[in-house]
1. If Lys and Arg each add +1 and Asp and Glu each add -1, what is the summed charge of the other residues whose beta carbon sits under 14 Å from the beta carbon of Gln63?
2. Going through the cross-link list Lys359/Lys394; Lys121/Lys297; Lys101/Lys302; Lys300/Lys332; Lys112/Lys300, which pairs have a Cα-Cα distance over 26 Å in this structure?
3. Sum -39500 (n - 2.57) across every DSSP H segment of at least 4 residues in the chain, then divide by the residue count to get the 222 nm mean residue ellipticity, nearest 500.
4. Could you do me a favour and compute the accessible area per residue for segment 37-125, 1.4 Å probe, result in Å²?
5. Kindly rank 189-197, 167-175 from highest to lowest mean number of other beta carbons found within 10 Å of each residue.
6. What size of dipole, in debye to the nearest 20, comes out for the chain about its Cα centre when the only charges are +1 on Lys and Arg C-beta atoms and -1 on Asp and Glu C-beta atoms?
7. Please give the length that would be gained between Lys300 and Val213 if that part of the chain were fully extended, namely 0.36 nm times their separation in residues minus their C-alpha to C-alpha distance (nm, one decimal).
8. Only Lys, Arg, Asp and Glu count, each charged at its Cβ (+1, +1, -1, -1), so figure out the dipole size of segment 1-123 about its Cα centre, rounded to 20 debye.
Amino acid sequence: MNTVANAWESFVQDDNIRKAIHDSSQDKLDMAYVQRVNRNLEYYVNELKRMFLTGTYHMHPFQEMSKKSGNKIRHIKKSPFYPDRITQHMVANVMLPRWDKSLTNTTYASWKKRGINSKVKDYNFNHKLRSEIDSYPLSVELYALNLDFLHCYDSVDADVMMYVVRKFLRNEKLIAVIEEFVRKTKGIPLGSYLSQLLINILLELVNRFCLEVLHVTPFRYMDNIVIVGTDKHELHQVQWRIMQFVWYELHMEINRHRQVFPIGRNRDERGIDVVGYVYYRTFTLIRKSIKVAAYRKRHKPKSMSSYFGLMQKCDAINLMKSIRRKIKEDKKQRDCMQKLTDIKHIKKVERPFGGKKIKIEKVVDKPIVVLDCGIFNSIKRPGTTFVKLQIVFKKKKRFISGNYKLIKKVVRQIDRKTDLPFETVIRFNRGYYFEGTLKEDDDYMYDPSEELEFDDSDGNWLNEKKKKTLPFYNEELDEDLDDEEQEE
């Protein structure tokens, strides 16, 4: 196999470094760290060149983050823009011409001019798979083998990966740069530019095994492989041969969701669900999750351009008409709506108090911090009001609500902008009150009827005997107010 000549000299050239900085800056020009490198371009070019010539370049640790994609949680590993991401583009600039020559026409991802709906028909996944299905007469039962790699990026064996890299490269200095990237973490990092190129070079061995040994045509998009055939038993044999090759040669594993199934002729049957489309014998539909997402994002013109681009490449004329009609209806509805700024006497909606409700007797004689407070009108009992306190109690956010007469008097005097938050203690003598706001009077005789009119009608501070002896106590009102407070 031919290897890249003068790889190291091309790698450390100033023009290659400048091109790598330019390519890695795309879609990130508003980032401060990208702007800093581009403002001092020559300085960073010379610094990168010096690091590689003196052998002082070493990769920085990856920044790990999780991202949910459908039902999957992907663990993405990001590297710093300078110098690691620039270095990946430098390697790609040197190796891409040679790697490109090694790829077969059955690889469709992460490569220039190759993709789901590429302009070049030979590298167009959608066109090639559709053509393959249409090449069989409808009278013949057609089957599909659909298989996927298990944890494709994380399960890559570093020794196997470097064995494949050495087939294209002999310069030990550049090999050392690639090897540090490959061995930096388990497998190869998902989310890095160089990773998607290396994984394609590795899985190209599976493509060649299918073409040259098994004599079947695989359609591979990254780690997803589809093979079409008329013999169900033969496809099962192909499946097991591929699994053995992947296990023994690549030290990887095929996902357990692999399956051989007949390709349906209508929507009630099963189609090949891959790369956002569902392929049937005579037509192709868009994947349901993409259709739902298109409806939800129909108010975003930029998003809809990409969705309509996918729909135009399949049988989705009615779907596009339906979405366009819905967009027009939404626009007409927005035009008929009155602007919020033009509406007078808008009722202000109070922000709900956070945390769980706590009974006031649980915080009596204990320190609390009052974060917010307010007096609200009762809905179920017109003409009455109740007070709400947003507090911090035992380092947890809670709220208290009830018709507390003495607390209500203080809350009316509080300026929410200047007086909050404050620390206090709630006491109980002639009802609940803030410490220091009520003068204790031993001669005062407590009258429950005076306080109950304004106090929490739950009567939590009264014992059960007193509840029953008070003629004005009403259990129904007690329950109504509790429901009312929860609603408020």
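1. On the way: positive: Lys67, Lys77, Lys78, Arg85, Lys184; negative: Glu64, Asp84.
Within the 14 Å Cβ shell, the charges total +3.
2. Working: Lys359/Lys394 14 Å; Lys121/Lys297 30 Å; Lys101/Lys302 35 Å; Lys300/Lys332 16 Å; Lys112/Lys300 28 Å.
Over 26 Å apart, Cα to Cα: Lys121/Lys297; Lys101/Lys302; Lys112/Lys300.
3. Numbers: 17 runs with 191 residues, N = 488.
-12000 deg cm²/dmol, from helical runs alone.
4. Values: 5070 Å² over 89 residues.
Heavy-atom SASA per residue in segment 37-125 reads 57 Å².
5. Details: 189-197: 19.3, 167-175: 15.6.
Ranking the peptides 189-197, 167-175 by packing returns 189-197, 167-175.
6. Details: 88 positive and 68 negative charges, 472 e Å.
Dipole magnitude for the chain comes out near 2260 debye.
7. Details: separation 87, 0.36 × 87 = 31.32 nm, distance 4.84 nm.
Length gained, Lys300 through Val213: 26.5 nm.
8. On the way: 21 positive and 12 negative charges, 129 e Å.
Around 620 debye, computed over segment 1-123.
The values are calculated or read from the model by the stated rules, or taken from the named source; none is laboratory data. None of these values were measured; they are calculated from a predicted model. Ideal geometry is used to build each Cβ from the backbone, glycine not excepted, and the neighbour counts take in all protein chains shown. When the accessible area is computed, the model is the full protein with side chains, heavy atoms only, and any ligands, DNA or RNA have been set aside. Shrake-Rupley method; radii C 1.70, N 1.55, O 1.52, S 1.80 Å.
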